[in-house]
Amino acid sequence: MSDIPAIEVRGLRRVFDVRQGLFAKPRQVVAVDDVSFSVPAGSVLGIVGESGCGKTTLARMILGLLPPSSGDVLIDGQRLGDLDRRARARLIQPVFQDPFSSLNPRRRVRDIVAMPLVAQGNIAGDEVKRRVGEALERVGLSAEQGSRYPSQLSGGQRQRVAIARALVLRPRIVVCDEPTSALDVSVQAQILNLLAELRKDLGLTYLFISHNLAVVEHVASEVAVMYLGRIVERNESEALFAHPQHPYTRALLDSVLTPEPGLGVPDVGLGDTMPDPANIPPGCRFHPRCPLAFERCSHETPKLTPNEAGFVECLLAEE
Ligand SMILES: Nc1ncnc2c1ncn2[C@@H]1O[C@H](COP(=O)(O)OP(=O)(O)OP(=O)(O)O)[C@@H](O)[C@H]1O
Ligand SMILES: [Mg+2]
């Protein structure tokens, strides 16, 4: 395993201008706010947090699909901006939540899986065919299924197609954004097991986003908890689940998961004051919902405070 992190992000920030009416003044939404971390090669960083906290925005910046407002992304030690699209595709690939909308319905499975190879522009037809066959086999799809259209497959099979497409260039890093949230519960475990097996066999590094804490606990070596665009706690998975330190992490762990897959909103039991990323509270951004908030929290911004293997951003932890 190399010392160069597979993913490193430094001071990553993304602001969106959101216009709510034709003549309304645009509001600024800070979707990701000064996020820094690195993911060692071969490990799995899980990212959890409520809907709208910035998980997908973070993932899209790391994939090079969305330019950051500021900050840097390094993939395997190389700045994302210095890599062209093809080089980037060879290093890092996505698997998204909804395999239906991410697969072109008018193409056969084998052509969908071949796309990243064809886009490289220099791989011979025979080689493309061979590698598509290999990728399909790896994810447990037959050659016959390769000649079908996405609509002729089940949800789980479609997600296998998306995984085959992500792997066909043999990338080192895969960003999974809610990869099983749209699937029936019975199929989720199969896809999770497949992802785990592929990681082991191919030595992959995952950034694994999910609102389902049980899933993250199962797959991640480290976990980062996001709240309103910031990572408020990060630690080794076991330590984070055994000794959550941030009050928000504790609320998440106490929460009842929504039974609706794909809804992405855990009921954190913190009332219905949904956080508004266009209107981030001063001081600690979590203080209006925090059961442990005290006077200083409304005007003092907590600093990153180291804990076992990561950090927590809470004034209580600084004491
Ligand atoms: N293209 C965009 N234009 C404007 N605002 C955006 C855009 N993309 C995301 N946002 C806003 O940025 C914030 C973070 O969104 P994001 O999709 O990253 O959250 P998320 O954590 O992935 O949520 P979910 O769990 O629902 O997938 C939200 O307030 C969202 O409305
Ligand atoms: Mg998302």
ask   = Looking at (1) assigned to a loop (DSSP other than H, G, I, E, B); (2) within 30 Å of Thr249 (Cα to Cα), which is the one condition that is false for His218?
value = (1)
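Of the residues Leu204, Leu194, Leu169, Leu213, which is of a type outside the set (D, E, K, R) and modelled with pLDDT under 95? Before the answer, list the steps.
Details: Leu204 fails: modelled with pLDDT under 95; Leu194 fails: modelled with pLDDT under 95; Leu169 fails: modelled with pLDDT under 95.
The match here is Leu213.
Going by the structure shown, is Pro94 modelled with pLDDT of 95 or more and within 16 Å of ligand 2 (Cβ to nearest atom)? It would help to see each step written out before you state the result.
On the way: modelled with pLDDT of 95 or more: yes; within 16 Å of ligand 2 (Cβ to nearest atom): yes.
So Pro94 passes the test.
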key: Residue that is under 24 Å from Arg158 (Cβ atoms), modelled with pLDDT of 95 or more and away from ligand 2 (no atom under 16 Å from the Cβ), where the choices are Leu117, Leu103   = Leu117
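Filter the stretch 165-193 down to the residues that are of a type in the set (Gly, Ala, Ser) and surrounded by fewer than 19 Cβ atoms within 10 Å (Cβ to Cβ), then identify the one that is farthest from the chain's Cα centre (by Cα). Can you show your working first?
The first filter runs over the stretch 165-193 and keeps only residues of a type in the set (Gly, Ala, Ser), leaving 166, 181-182, 186, 189.
Remaining after also requiring surrounded by fewer than 19 Cβ atoms within 10 Å (Cβ to Cβ): 186, 189.
Numbers: Ser186: 22, Ala189: 18 Å.
If we take residues in the stretch 165-193 being of a type in the set (Gly, Ala, Ser) and surrounded by fewer than 19 Cβ atoms within 10 Å (Cβ to Cβ), then Ser186 is farthest from the chain's Cα centre (by Cα).
Which residue is nearest to Leu228 (Cα to Cα), if the candidates are limited to the stretch 7-26 and must be β-branched (Val, Ile, Thr) and surrounded by 14 or more Cβ atoms within 10 Å (Cβ to Cβ)?
Narrowing the stretch 7-26 to residues β-branched (Val, Ile, Thr): 7, 9, 15, 18.
Add one more test, that the residue is surrounded by 14 or more Cβ atoms within 10 Å (Cβ to Cβ), and what stays is 7, 9, 15.
Values: Ile7: 22, Val9: 18, Val15: 12 Å.
Only one residue fits best here, namely Val15.
Per-residue answers, yes or no, for (1) polar (S, T, N, Q); (2) touching a strand residue (DSSP E or B) at 6+ places or on another chain (Cβ under 6 Å); (3) touching a residue at least 40 places away in the same chain (Cβ under 8 Å):
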residue	(1), (2), (3)
Glu144	no, no, no
Ser154	yes, no, no
Leu167	no, no, yes
Ile173	no, yes, yes
Cys176	no, yes, yes
Ala196	no, no, no
Lys200	no, no, no
Tyr206	no, yes, yes
His218	no, no, no
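Hey, could you check the stretch 51-68 for residues that are touching a residue at least 40 places away in the same chain (Cβ under 8 Å) and either more than 6 Å from ligand 1 (Cβ to nearest atom) or over 21 Å from Asp276 (Cα atoms) (or both) and say which is surrounded by the most Cβ atoms within 10 Å (Cβ to Cβ)?
Here is the first cut: in the stretch 51-68, the ones touching a residue at least 40 places away in the same chain (Cβ under 8 Å) are 51-59, 61-63, 66, 68.
Then keep just the ones that are either more than 6 Å from ligand 1 (Cβ to nearest atom) or over 21 Å from Asp276 (Cα atoms) (or both); that gives 58-59, 61-63, 66, 68.
On the way: Leu58: 30, Ala59: 22, Met61: 24, Ile62: 24, Leu63: 21, Leu66: 17, Pro68: 22.
Once the filter is applied, the top-ranked residue is Leu58.
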inquiry  = Criterion first (at positive phi, within 16 Å of ligand 2 (Cβ to nearest atom), at pLDDT below 85 and not aromatic (Phe, Trp, Tyr)) does Gly264 satisfy it?
reply    = yes
ask   = Where residues in the stretch 18-50 are part of a strand (DSSP E or B) and among the charged types (D, E, K, R), which of them is farthest from ligand 1 (Cβ to nearest atom)?
value = Asp34
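More than 16 Å from ligand 2 (Cβ to nearest atom), at pLDDT below 90 and surrounded by 12 or more Cβ atoms within 10 Å (Cβ to Cβ): is that true of Ala293 in this structure?
no
Is there a residue in the stretch 49-60 that is away from ligand 2 (no atom under 16 Å from the Cβ) and of a type outside the set (Gly, Ala, Ser)?
We begin by selecting, within the stretch 49-60, every residue away from ligand 2 (no atom under 16 Å from the Cβ); these are none.
No.
So, Val35, is that one closer than 28 Å to Pro275 by Cα, in contact (Cβ under 8 Å) with a residue 60 or more places away in the chain, of a type in the set (Val, Ile, Thr) and within 16 Å of ligand 2 (Cβ to nearest atom) or not? Don't jump to the end; show me each part of the working.
On the way: closer than 28 Å to Pro275 by Cα: yes; in contact (Cβ under 8 Å) with a residue 60 or more places away in the chain: yes; of a type in the set (Val, Ile, Thr): yes; within 16 Å of ligand 2 (Cβ to nearest atom): yes.
In short, yes.
The values are calculated or read from the model by the stated rules, or taken from the named source; none is laboratory data. Note that the structure is a prediction, hence the values are computed from the model and not measured. Positions of Cβ are backbone-derived with ideal geometry, glycine not excepted, and every protein chain shown enters the neighbour counts.
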